[in-house]
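The structure appears right after this line, and notes come after that.
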Amino acid sequence: MRLVSARSGLPKLLRAFESRAAAVVFLTVPDGAVAAVATSLAAGGADIPDAVAFVHVSGALELGALAPLRGRHPVGSFHPLRSFPEPGPPEAFRGIVVAVDASSASLRRVLDRLARDLGAKPRRVDDSQRALYHAAAVFASNYVVALLGEAVGLLQRSGWTEKEAVRGLVPLAEGALANIMKRGPAAALTGPLRRGDAETVTRHLAALTELDARSGRRTGPREVDLYRMLGQVALEIAQQAGLEPAAAERTRRALTRKVAATRRRSRA
């Protein structure tokens, strides 16, 4: 069984099938191009042996994206649950999960074996699970980057350089992730929300409200809204971890109470 990438172009890809040998073709193209590439390949008809399988590597797309090929060929998906902002070595697959699905049991076994050969752990994710699976991946990857971007921006607005902020905050985030891996989200939660420290929450909101007021931003108080929204989520986790109801209620009131911005007077 050969592994082939469609990135090299259709003419070269068709020449690769002259031996009539079985192969798995990975469509390593942008999500928006998968259906069009599948349609172009399907037009090859008898030039492509029926035994050739086609697999996309999208986390979001269902097997239906390969529908033009499915009448004659096995189709599947193979999505590494890892962020790849740039190409990485095979070692990047070690220990990660790979979401696998296929239209045939034999192709699914091939993809499972490939994942294990790379040092990864295959996990079947079928079409009914695909959207929630990919949404979870966005929360755990893209939104972590977005939150750290907000945190870095806050420190920059208080006088830090971006480099200083990244160096200070990333180890903190790495420690939190390590605790989640070891203990799970509820046991890993720390900080004022976990303690039910309503006074600290109120001070945070006052500082963020003042910052938004000084910025004159027309799009609204983004940092304040984010803090309130994520605080409510963290408070639910804190309650799961055992936060007392009275402390949880005080903290909830602090999160939802409107805080007036207090302008700082410049010193004479």
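The values are calculated or read from the model by the stated rules, or taken from the named source; none is laboratory data. Computed from a prediction, not measured in an experiment: that's the story for all the values here. Cβ placement follows ideal geometry from the backbone for every residue including glycine, while neighbour counts extend to all protein chains displayed. We work out accessible area using only protein heavy atoms, side chains counted, and drop any ligands, DNA or RNA first. Shrake-Rupley method; radii C 1.70, N 1.55, O 1.52, S 1.80 Å.
What the table shows:
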item: Single match in Pro122, Pro87 (criterion: in a loop (DSSP other than H, G, I, E, B) and on the phi < 0 side of the Ramachandran plot); result: Pro87
item: In region 97-115, residue farthest from Gln129 (Cα to Cα) [restricted to those that are of a type outside the set (Lys, Arg) and surrounded by fewer than 20 Cβ atoms within 10 Å (Cβ to Cβ)]; result: Ser106
item: Selection from region 218-246 of residues that are part of a loop (DSSP other than H, G, I, E, B), modelled with pLDDT under 95 and of a type in the set (D, E, K, R); result: Arg218
item: Of all residues in region 73-96 being surrounded by fewer than 16 Cβ atoms within 10 Å (Cβ to Cβ) and in contact (Cβ under 8 Å) with a residue 24 or more places away in the chain, the one that is nearest to Asp50 (Cα to Cα); result: Pro90
item: Sole residue being touching an Asp or Glu at 6+ places or on another chain (Cβ under 9 Å) and of a type in the set (Asp, Glu), chosen from Glu62, Glu86; result: Glu62
item: Residue in region 31-46 that is farthest from the chain's Cα centre (by Cα), counting only those that are at pLDDT below 95 and either on the phi > 0 side of the Ramachandran plot or loosely packed, with under 12 Cβ neighbours inside 10 Å (or both); result: Ala46
item: Only listed residue being free of Cβ contacts under 8 Å to residues at least 40 places away in the same chain, under 30 Å from Asp50 (Cβ atoms) and open to solvent by 50 Å² or more (accessible area, probe 1.4 Å), chosen from Ala140, Ala67; result: Ala67
item: Hey, Leu61 aliphatic (A, V, I, L, M) and either assigned to a strand (DSSP E or B) or open to solvent by less than 40 Å² (accessible area, probe 1.4 Å) (or both) or not; result: no
